[in-house]
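> Below you will find the structure I want to go over with you.
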Amino acid sequence: MRFVLLATTLAWGAATLSAETKYLANLKQLTNGGQNAEAYWAPDGKRLIFQTTREPYKCDQIFIMNADGSDQHLVSTGKGRTTCAYFLKDNKHIVYASTHEAGDECPPPPDRSKGYLWGVFAGYDIYLATDAGKITKKLTDAPGYDAEATVNWKQDRIIYTSMASGDLDTWSMKPDGSGKKRLTMLPGYDGGAFFSRDGKNIIWRANHPNQHDAMQKYKDLLKDNMVAPMRMELFISDAEGKNEKQLTNFGCASFAPTFTPDGKKILFASNKHNCDGRRFELFMINADGTGLEQVTDFGGFTSFPEFSPDGKKLVISTDYKATSRYEFNIFVADWTGK
């Protein structure tokens, strides 16, 4: 579930601006070529798990690498399409979504003649595997899309997006797939969620159409396993989905939110400078919706931030220094913010 294809297709060639900011220092590139995104830390901070499209694979597969970029290797099946992988707290198991049971080939992308759309492929389910790639359990089996899983290591809960209710909602479950609970109730897309480190709050992206025509368009697209992602806002609540509050109101695409280690702020990507534009930068906002601040100024596409377990580093995906139109890479930097 990514904006990267749009961004790299249409924004490549934009002037890169400033790599060093008051929040980022010692930027280091970990991957080199291909389409690399959604890199997330292992609990010990020594490895990263990420999704990548690179030869010989025709669509995203899950790889693990060391935190310095070495030893990049496949841990998904190599079949179907995958997305959104994360380590469990034991540092030995992973979860990720895959369509491999629905077919060996990559599911075809949405028809872009209808605009920029995401495919919420019905074949996606979430799997538990060892960090060597052996699948040990299928965690979801409801009809339709199940994906976008992330894990809170303290509370030992997985949060994910599912069509189990007939709508795209945020759910949580235990690492063995039990205890499934629907957290969002409003009609429309709710997904891409993360827990705060203490597990007391969640942050996610959402599109809740409030006009009849817009809602009908959403429902019509959903029937064809598609959503239009260019109007997404951020929402925050407690871990049970209670006390929900909207944080952004840009009318743009805000997504990939993550809490700062202290839980007081949220770092996220947005094209708020131009809601129909292809430039995505990182922004930071207080958990009460105040104090918006721009964090990066690369001039292209930058997203999917996550802090290292010790809070000292930030991993991102960006087309900074890309040498081809469809290239984006994983970078890591020292986080110098307070």
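Quick note: the coordinates plus some simple rules give every number you see, no bench work behind them. As the structure is a computational prediction, the values presented were derived from the model and not from experiment. Heads up, the Cβs are rebuilt from the backbone with ideal geometry, glycines too, and the neighbour counts pull from every protein chain shown.
> Provide the per-residue ³J(HN,Hα) series for segment 221-234, in order, calculated from phi with Karplus coefficients 6.51, -1.76, 1.60 and θ = phi - 60°, each as a whole number of Hz, with x at glycine and proline positions.
Rounded to whole hertz, the list is 5, 5, 4, 9, 6, 9, 9, 9, x, 7, 10, 10, 10, 9.
> Output wanted: per-residue J couplings in Hz (rounded whole) for segment 174-182, from phi through Karplus 6.51 cos²θ - 1.76 cosθ + 1.60, θ = phi - 60°, x for Gly and Pro.
7, x, 8, x, 8, x, 5, 9, 7
> Given charges of +1 on the Cβ of Lys and Arg and -1 on the Cβ of Asp and Glu, with all other atoms neutral, how large is the dipole of the chain about its Cα centre, in debye to the nearest 20?
240 debye
> Describe numerically, in nm with one decimal, the distance between label points set 7 Å from Cα along Cα→Cβ at T136 and at S113.
4.8 nm
> Considering the options L24, I62, Q35, tell which one lies farthest towards the positive end of the dipole of segment 4-335, charges being +1 on Lys and Arg and -1 on Asp and Glu at the Cβ, about the Cα centre.
Going by the charge dipole, the pick is L24.
> Given the Cα-Cα distance of K28 and H212 and 0.36 nm per residue of separation, how much length would full extension add, in nm? Intermediate values should be presented prior to the final figure.
Values: separation 184, 0.36 × 184 = 66.24 nm, distance 4.70 nm.
That pair, K28 and H212, stretches by 61.5 nm at full extension.
> For segment 4-335, calculate the relative contact order in percent as a whole number, restricting contacts to Cα pairs under 8 Å that are 6 or more residues apart.
19 percent
> Could I ask something else about it? Enumerate the amide H contacts of V295 below 5 Å, restricted to partners 5 or more residues apart or on another chain; note that Pro and chain-start residues carry no placed amide H.
For V295, the qualifying residues are L282, F283, M284.
> Ok, one more. Given a Förster distance of 22 Å, report the FRET efficiency between Q294 and L74 from their Cβ-Cβ distance, rounded to the nearest 0.05.
With a Förster radius of 22 Å, E is 0.05.
> Okay, next question. Cross-link candidates for K217: which lysines have Cα within less than 20 Å, leaving aside residues fewer than 8 places away along the same chain?
Output for K217: K114.
> Another one. Return the sequence-ordered ³J(HN,Hα) values of segment 202-215 in whole Hz as given by the Karplus equation 6.51 cos²θ - 1.76 cosθ + 1.60 applied to θ = phi - 60°, using x for Gly and Pro.
Each residue's phi maps through the Karplus curve to give 10, 10, 8, 9, 8, 9, 10, x, 10, 10, 4, 5, 5, 5 Hz.
> What does the helix-only formula give at 222 nm for the chain: each DSSP H stretch with n ≥ 4 adding -39500 (n - 2.57), the total divided by the residues, and the result rounded to the nearest 500 deg cm²/dmol?
-1500 deg cm²/dmol
> With a cap of 15 neighbouring Cβ atoms within 10 Å, and only residues DSSP puts in a loop, list the GluC sites (Glu not before Pro) found in segment 197-252.
Here the GluC sites (Glu not before Pro) that fit, given the DSSP loop and packing criteria, are E240.
> Viscosity 1.002 mPa s, temperature 20 °C: give me the Stokes-Einstein translational D for segment 4-335 in µm²/s, with Rh taken as the Kirkwood radius over C-alpha pairs.
Estimated via Stokes-Einstein, D reaches 109 µm²/s.
> Follow-up question, since we're still on this one. Using the Cα centre as the reference, give the magnitude of the dipole from point charges on the C-beta atoms of segment 103-193 (Lys, Arg: +1; Asp, Glu: -1; all else neutral), rounded to the nearest 20 debye.
300 debye
> While we're on this one: Sequence-distant or interchain residues sharing an amide H contact under 5 Å with V75, placed H: which?
So V75 has HN proximity to I62, F63, I64.
> Say the cut-off is 19 Å between C-alpha atoms; which of K46/K89; K137/K174; K46/K138 go over it?
K46/K138
> Here's another thing I want to ask about it. Could you pull out every residue, at least 5 positions away or on a different chain, whose amide H is within less than 5 Å of the one on M232? Hs are placed 1.01 Å off N in the peptide plane, and Pro or chain starts have none.
C252, A253, S254
> T184: net charge of surrounding residues, Cβ under 12 Å, Lys/Arg +1, Asp/Glu -1, itself excluded?
With Lys, Arg at +1 and Asp, Glu at -1, the neighbours total -1.
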